[in-house]
1. Kindly provide the set of residues from the stretch 195-213 that are under 21 Å from the mean Cα position of the chain (by Cα) and away from the ligand (no atom under 12 Å from the Cβ), ordered by number.
2. Can you name the residue in the stretch 111-154 that is over 20 Å from CYS202 (Cα atoms) and of a type in the set (A, V, I, L, M, F, W, C) and, of all such residues, is surrounded by the most Cβ atoms within 10 Å (Cβ to Cβ)?
3. Considering the stretch 126-169 alone, what residues qualify as being within 15 Å of the ligand (Cβ to nearest atom), in a helix (DSSP H, G or I) and in contact (Cβ under 8 Å) with a residue 12 or more places away in the chain?
4. Got a sec? Which helices (runs of 4 or more DSSP H) wholly within the stretch 242-339 have at least 3 residues that are surrounded by 20 or more Cβ atoms within 10 Å (Cβ to Cβ) and on the phi < 0 side of the Ramachandran plot?
5. Which condition number in (1) at pLDDT below 95; (2) out of contact with any helix residue (DSSP H, G or I) (no Cβ under 8 Å at 6 or more places or on another chain) is the one that SER206 fails?
6. Find the residue count for the stretch 273-303, including only residues that are in contact with a helix residue (DSSP H, G or I) (Cβ under 6 Å, 6 or more places away or on another chain) and hydrophobic (A, V, I, L, M, F, W, C).
7. In the stretch 175-194, how many are part of a loop (DSSP other than H, G, I, E, B), more than 16 Å from the ligand (Cβ to nearest atom) and out of contact with any strand residue (DSSP E or B) (no Cβ under 6 Å at 6 or more places or on another chain)?
8. Out of everything in the stretch 28-66 that is assigned to a loop (DSSP other than H, G, I, E, B) and of a type in the set (A, V, I, L, M, F, W, C), what residue ends up being surrounded by the fewest Cβ atoms within 10 Å (Cβ to Cβ)?
Amino acid sequence: MKTHLKILSFVLISVILSTGLHNSCYAQEIEKDLEIRALLLGAPDSEDLQLFNKFIREALPEEGVNMLVVRFRYKYQFESYPELADEGALSKKEVKQILQACKDAGVKLIPKMNFLGHQSSRTKVLPLLTEYPEFDETPHFEPPDPYVWPNEHDFYCKSYCPSHPDLHKVLFSLMDELIEVCEADAFHVGMDEVFYLADSKCPRCSGRDKAELYAEEVTRLFNHLKGKNITMWMWGDRFLDGKTMGLGMWQASMNTTFKAIDLVPKDIMICDWHYNEAPPTPAYFALKGFNVLACPYTDADVALSQLEHINQVRNSSNKQIATRLKGVFQTSWGNAKDFIQAYYGEDVKEKDKNCAECFKKLFSEIRNNSEK
Ligand SMILES: [Zn+2]
């Protein structure tokens, strides 16, 4: 009998070792496919709406995209604050057409705005601060003309003042409208590349701790969305220590906001963008308790490294960590029409071509992994 048990044990152990089960026991507990396979597109111009919706219906299901984040910023005809509609703003009817295309394609539509930073482009101030200049964190200077970077003000993009008492009523209305029209259950609040925060001349923020102020704003937006049962997505760069991680001031923070990572709710989808390298920051966010997506742009090698990292952590970690690595989020930063044309092989700018190529290679690899 003892001999039989020994033989049985030996056989069982041999089977486990030979199948590699001992290495991937954690992976057995999580879904094999990535839960989120998202793409970011700018809100289209009205004249490109048909092309945009055709792309959603045809290309997204074929590629395996299951979430489309549309970067509206102020490009929507808000009913609550019509004065905040930017040039070319889409009507409710037009957004409903986008939503219908997404429904047809089985793709979830997620609206995106930029909060805190990015209240101006390099060339113009965006509607929130032109219509409500009292919300400007730095009303005392204009973008340098001609625009040069870096410059004496460290100017990149304007921020709103998160401490202004009248601000959030406006922001929440805008968010609510976009959520409603998109029938969304997630909302992307931006919050990247914030360089103006607690400005020494702001009567409300001067002397405040930047990390605390940043965390307060994240939490305020989060609480509003949580109250509506909406998941908050945001960029992760302000939570990364640019000096210690060697990531610099763009894809990470050099102005101490990285300390805010320990001051905000964890139930946030962190969009961890890195365009020229693939540092192991998704694991960092997951270990801190956040859900996270790896976000590439134009470099397919970077995108594939990010995917490998996500899969590696998912396959080698316990379920609690592994399930926080939710997937990937391909970004695009030009005009949606240019990206779509590049996708269909038309001759457009190099950057759009690379971006579409990156998207194709990344999603092709995801499909390959899924079939294995
Ligand atoms: Zn302020």
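1. PHE195, ALA211
2. The selected residue is MET113.
3. Narrowing the stretch 126-169 to residues within 15 Å of the ligand (Cβ to nearest atom): 128-129, 132-141, 158-168.
Then drop every residue that is not in a helix (DSSP H, G or I), which leaves 128-129, 133-135, 167-168.
Once the filter is applied, which keeps residues that are within 15 Å of the ligand (Cβ to nearest atom), in a helix (DSSP H, G or I) and in contact (Cβ under 8 Å) with a residue 12 or more places away in the chain, the stretch 126-169 yields LEU128, LEU129, GLU134, PHE135, LEU167, HIS168.
4. Numbers: elements: 281-288, 300-316, 319-322.
Result: 281-288, 300-316.
5. (1)
6. Number of matching residues: 7.
7. Step one: of the stretch 175-194, the residues part of a loop (DSSP other than H, G, I, E, B) are 183-185, 191-194.
Filter once more, so that each one left must be more than 16 Å from the ligand (Cβ to nearest atom): 183-185, 192-193.
Narrowing further to those that are out of contact with any strand residue (DSSP E or B) (no Cβ under 6 Å at 6 or more places or on another chain): 183, 185, 193.
Counting residues in the stretch 175-194 that are part of a loop (DSSP other than H, G, I, E, B), more than 16 Å from the ligand (Cβ to nearest atom) and out of contact with any strand residue (DSSP E or B) (no Cβ under 6 Å at 6 or more places or on another chain) gives 3.
8. Kept after step one, since they are assigned to a loop (DSSP other than H, G, I, E, B), are these residues of the stretch 28-66: 30-35, 43-45, 64-66.
From what's left, of a type in the set (A, V, I, L, M, F, W, C): 30, 34, 43, 65.
Values: ILE30: 17, LEU34: 22, ALA43: 26, VAL65: 22.
Looking at the filtered set, the residue picked out is ILE30.
The values are calculated or read from the model by the stated rules, or taken from the named source; none is laboratory data. This one's a predicted model, so the numbers in the text were calculated from it and none came from an experiment. Glycine gets a Cβ as well: all are built from the backbone with ideal geometry, and neighbour counts include every protein chain shown.
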